[in-house]
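One structure is given here, and the rest of the page talks about it.
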Amino acid sequence: MKNRTFMRERVLPLFVWIFGLLAVWEAVSWWLLHIAKTPLAQSKLPYVHEVAATLWKYSSTLLKEGGATFGNAGVGFLIGAAAGALLAVLMSLSKTVEQLAFPYAVASQMIPILGLAPIIYGIVRDEQASRIIISGYITFFPVALNMLRGLRSVDLPAVELMRSLAAKPWAVYWKLRFPAALPGLFSGLKIAAPLAVTGAILVELMGARHGIGVIMLRNLYYGPSHTYMFWSTVLAGALLGIASYWLMSLVERLAAPWQPEFRPKGGSR
């Protein structure tokens, strides 16, 4: 019963949206080519079935290069998430730490990634390290901000009750604040995961040798003759971002199953 409800409420609407989007894409591509007579129409918006065929034909190459992108983005994501969570804990423990660190954390996000990526790549001169640094940089702030909100979302009476029972500070955090912070933490992780992939691809556009961004840039330079391959890399990059989001959603469901959105509707009283 639960599986049937999940399929009806979550999976079916998703497939309807995807099918509708692909149908609109195919229709607009046909209109540009046959009705509007747009020059080089297929280089602007190619047929989705041609892109899908190219995606399947070169799937092994895209998987290999996508693995390089996803692997480095994942390492940077984990490092950035750990650093953000640690800073959130320190800021929740001390107002002084928050007053010192938070303005700098906010200011760090004012630097455009498009400008920061070539600077990091120029300094490090290593594509893997650059992807990790940029992915960690992107992940750090949303995780720190959302987890800090979660740590401070605990009701004061609950904290006072723990203290009245002579609970140690670490016990208050472990048994009360950390569970309360999990929804906020995963909100930050789900925001940061696709952005970390995007950041890794951006670094690859700066002159890396491996990754989805490298194939994307190469086929963009080749022009209309490689349009389908270029769009295949765009879709592959989007799929990597979607996969990272879904992975965080799965981990959230396993780590925090008590959240209202994970409870079956109309369950037993």
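Annotations for the structure displayed:
- Per residue solvent-accessible surface (Å²) - the chain, probe of 1.4 Å: 60 Å²
- Ordering of 226-236, 122-132 by packing [mean C-beta count within 10 Å, highest first]: 226-236, 122-132
- Of the DSSP H helices in the chain, those whose Cα atoms cover at least 30 Å axially and whose Kyte score averages 1.0 or more: 59-93, 178-204, 227-255
- Net +/- balance of residues flanking Leu189 in space, Cβ distance below 15 Å, scoring K and R +1, D and E -1: +2
- Shown here: Rg and Dmax of the Cα atoms in Å, derived from the displayed model; of the candidates (i) 22.7, 77; (ii) 23.2, 74; (iii) 24.0, 85, it corresponds to (i).
- Spacing of the two label points (7 Å from each Cα toward its C-beta) at Ala243 and Ile113, in nm: 1.8 nm
- Spin-label model, Glu26 to Thr96: label points 7 Å out along the Cα-to-beta-carbon direction sit 6.5 nm apart.
- Subtracting the Cα-Cα distance of Asp155 and Gln42 from 0.36 nm times their residue separation leaves 34.9 nm of extension gain.
- Size of electric dipole in the range 1-160: Cβ of Lys, Arg +1 and of Asp, Glu -1, about Cα centre, debye, nearest 20: 340 debye
- Counting only the Cα atoms, the range 113-219 fills a convex hull of 104 Å³ per residue.
- Think of the chain as having a plus end and a minus end, set by charges on the Cβ of Lys, Arg, Asp and Glu; of Leu55, Phe140, Met216, Phe140 sits farthest toward the positive end of this dipole.
- About the Cα centre, charge dipole magnitude for the chain (Lys/Arg +1, Asp/Glu -1 at Cβ), debye: 740 debye
- Burial order of peptide ranges 251-262, 178-189, 109-120, 86-97 (average beta-carbon count within 10 Å, highest first): 178-189, 86-97, 109-120, 251-262
The values are calculated or read from the model by the stated rules, or taken from the named source; none is laboratory data. This is a predicted model, so every value here is computed, not measured. Note that we place each Cβ from the backbone using ideal geometry, even for glycine, and neighbour counts take in every protein chain shown. Accessible surface areas use protein heavy atoms only, side chains included; no ligands, DNA or RNA. Shrake-Rupley method; radii C 1.70, N 1.55, O 1.52, S 1.80 Å.
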